[in-house]
Amino acid sequence: VTGGLQDRVKASTKALNPSDPKAKPTMHESMFWTNASGCLVAAALGLATGHLTEGFAFCSRHPEVLQAVLIYSLASAVGQNFIYYTITQFGPLLLSTVTTTRKIFSTVYSVLRNPSNSLDEMQWAGCTLVFVGLAVELLEKALPSKKPAKDPKKL
């Protein structure tokens, strides 16, 4: 859903800026439209299930929770700046790679730091595959590729 929305925002930006074929939305425009659509969906689902009114009732009974909600919201907004910067500057594929790498490093670090958080053989195999894939990708970028020389007659 989010990817489709981001594609529509990019298409709309290009349509609104026909003189600039490389026009793309800023990270904050992408963040705004994605969050606005997510908010609408969450509000509709919250109304349909009754959770929205329950949530507001809980917050009115326990106003001390509002500070935690505000802090969580601010932390989320700061984190989203990094995510949307990566998407707008480098694309969603790199973001997916960065996110997966961060998660796998967090998992391995958690296991190494606290041995009671253990992984079974299949989970270790999965971690190994991720690290092998990352290593192959790094090696492909680090080693010069031997592309055949282009024939100047065909240019």
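The values are calculated or read from the model by the stated rules, or taken from the named source; none is laboratory data. Just so we're clear, the structure is a prediction, and the values are computed from it rather than from any experiment. Every residue, glycine among them, receives a Cβ derived from its backbone with ideal geometry; neighbour counts consider all protein chains shown. Ligands, DNA and RNA are excluded from the accessible area calculation, which covers all protein heavy atoms including side chains. Shrake-Rupley method; radii C 1.70, N 1.55, O 1.52, S 1.80 Å.
Which ³J(HN,Hα) values in Hz, rounded to whole numbers, follow from the phi angles of the stretch 80-88 under the Karplus curve 6.51 cos²θ - 1.76 cosθ + 1.60, where θ = phi - 60° and Gly and Pro get x?
Ordered by residue, 3J(HN,Hα) equals 5, 4, 5, 5, 6, 4, 4, 5, 6 Hz.
For the chain, what class follows from the C-alpha gyration tensor (a ≥ b ≥ c being the square roots of its eigenvalues): rounded when a/c is under 1.5, otherwise prolate if a/b is larger than b/c, else oblate? Don't jump to the answer; show the numbers that get you there.
Numbers: a/c = 2.97, a/b = 1.27, b/c = 2.34.
It comes out oblate by the Cα gyration axes.
Which value, in debye to the nearest 20, describes the size of the charge dipole of the chain about its Cα centre when Lys and Arg Cβ atoms bear +1, Asp and Glu Cβ atoms bear -1, and nothing else is charged? If you can, show how the numbers build up before the last one.
Working: 15 positive and 10 negative charges, 182 e Å.
Dipole about the Cα centre, nearest 20: 880 debye.
I need to check one value: relative contact order of the stretch 37-155, counting alpha carbon pairs closer than 8 Å and at least 6 residues apart, in percent.
Working: 20 pairs, mean separation 10.8, N = 119.
Once divided by the residue count of the stretch 37-155, the mean separation gives 9 percent.
Any idea how many Lys pairs in the stretch 1-123 come in under 18 angstrom at the alpha carbon, given 8 or more places apart or on separate chains? Don't jump to the answer; show the numbers that get you there.
Numbers: LYS10/LYS22; LYS10/LYS24; LYS14/LYS22; LYS14/LYS24.
Taking the Cα cut-off of 18 Å, the pair count is 4.
Along the Cα→Cβ direction, 7 angstrom out, place labels at ALA48 and LEU112. What is the inter-label distance in nm?
Calculated label separation equals 4.5 nm.
Taking a ≥ b ≥ c as the square roots of the Cα gyration tensor eigenvalues, with a/c under 1.5 meaning rounded and otherwise prolate when a/b beats b/c, else oblate, which class fits the stretch 66-123?
Details: a/c = 3.86, a/b = 1.35, b/c = 2.85.
It is oblate, given that a/c is not under 1.5 and a/b is not larger than b/c.
Expressed in nm to one decimal, what extension gain is obtained for the pair HIS62 and GLN123 from 0.36 nm per residue of sequence separation less their Cα-Cα distance? Don't jump to the answer; show the numbers that get you there.
Numbers: separation 61, 0.36 × 61 = 21.96 nm, distance 4.11 nm.
Length difference between fully extended and current span is 17.9 nm.
With each run of n ≥ 4 DSSP H residues scored as -39500 (n - 2.57), what mean residue ellipticity at 222 nm is computed for the chain after dividing by its residue count and rounding to the nearest 500 deg cm²/dmol? Spell out each step's value before the answer.
Numbers: 6 runs with 119 residues, N = 155.
It comes out at -26500 deg cm²/dmol, rounded to the nearest 500.
Excluding ligands, DNA and RNA, what is the solvent-accessible area per residue of the chain at a probe of 1.4 Å, expressed in Å²? Walk me through the numbers before you get to the answer.
Details: 12450 Å² over 155 residues.
Computed with neighbouring chains in place, this is 80 Å² per residue.
Which percent of the accessible area of the chain is formed by carbon and sulfur heavy atoms (probe 1.4 angstrom)? Could you put the intermediate results ahead of the total?
Values: 8430 of 12450 Å².
Within the chain, the accessible surface is 68 percent carbon and sulfur.
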